[in-house]
Amino acid sequence: RSADARSPFAEPMDRPAVGIDWWLLGSTAVLVGIGLAVLKSIDLARGTSFFVRQALFAGLGVVLMVGVSRIRSGAMRKISPWLYGLSLALLGSVLVLGDTVKGATRWIEIGPIQFQPSEFAKLALIVTLSTFWVNRWERRRELGTFVLSMLHVLPLAGLVFVQPHLAGGVSLLVIWLAVSLAAGARWTHLLAALGAALALGSVALSAPGLLTDY
């Protein structure tokens, strides 16, 4: 078996994450800081309280970030099917239990908190799709594997599209494209998929009533 055929995760499967990506951490902190500063200025001008709520969410995000960073990669692969199933269940429940705001049904209310399942699906997709590619590492250059990776993301993206949430659905497709590219999928397969997406997009733009005017 050639070294290239082996999964890069074969040896360190059960190791916890080590070290800190200071560039990633720093850029995230800067973005969060700028966002909080903007919300604070809005609150001062309008008498609202966006800053406090978002600061609480930012604090919760830090706690979750530290916790998730300690999960071993092997454990992450084991929970991957559950994450995928939970994503499908949450996105499906939005269509039945979700709150409709300005013609879109994207949120579920849990007490005082509005939860948007499509945001959870974005994070879960990174884990589940990465697991998919690792499990098929020796066949990652095959067309069949590439097609299966598309079938992995399409149910999630479809449930988000019908909310309707075009940007959220496109974000899931971009995640699929980025992870597949990082996994080593063939460029010819990726370019063919992009061509098909452009063709379908042209049809969608010309079809009356399929997309909103904006």
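The values are calculated or read from the model by the stated rules, or taken from the named source; none is laboratory data. For clarity, every value in this text was computed on a predicted model and none was experimentally measured. Using ideal geometry, Cβ is built from the backbone for each residue, glycine included, and neighbour counts are taken over all protein chains shown. Side chains included, ligands, DNA and RNA excluded: accessible areas come from the protein's heavy atoms. Shrake-Rupley method; radii C 1.70, N 1.55, O 1.52, S 1.80 Å.
Across the stretch 140-151, what is the number of residues that are open to solvent by less than 30 Å² (accessible area, probe 1.4 Å) and either β-branched (Val, Ile, Thr) or within 18 Å of the chain's Cα centre (by Cα) (or both)?
Result for the stretch 140-151: 2.
Of all the residues that make up the stretch 25-49, how many are open to solvent by less than 80 Å² (accessible area, probe 1.4 Å), in contact with a helix residue (DSSP H, G or I) (Cβ under 8 Å, 6 or more places away or on another chain) and in a helix (DSSP H, G or I)?
6
Filtering the stretch 92-135 down to residues that are among the basic types (Lys, Arg) and surrounded by 14 or more Cβ atoms within 10 Å (Cβ to Cβ), which residue is modelled with the highest pLDDT?
From the stretch 92-135, those among the basic types (Lys, Arg) are 102, 106, 122; that's our starting set.
Imposing the further condition that a residue be surrounded by 14 or more Cβ atoms within 10 Å (Cβ to Cβ) reduces the set to 106, 122.
Working: Arg106: 85, Lys122: 94.
Filtering first and then ranking leaves Lys122.
State which residue pairs qualify: first residue without any contact (Cβ under 8 Å) to a residue 60 or more places away in the chain and open to solvent by 10 Å² or more (accessible area, probe 1.4 Å) and inside the stretch 154-174, second residue part of a helix (DSSP H, G or I) and among the β-branched types (Val, Ile, Thr) in any location, beta carbons under 7 Å apart, and separation of 6 or more residues or different chains.
Leu173/Val153
Does Pro81 satisfy being in contact (Cβ under 8 Å) with a residue 12 or more places away in the chain and closer than 23 Å to Leu211 by Cα?
No, not satisfied.
Can you give me the number of residues within the stretch 98-150 that are of a type in the set (Lys, Arg), in contact (Cβ under 8 Å) with a residue 40 or more places away in the chain and closer than 25 Å to Leu194 by Cβ?
Number of matching residues: 3.
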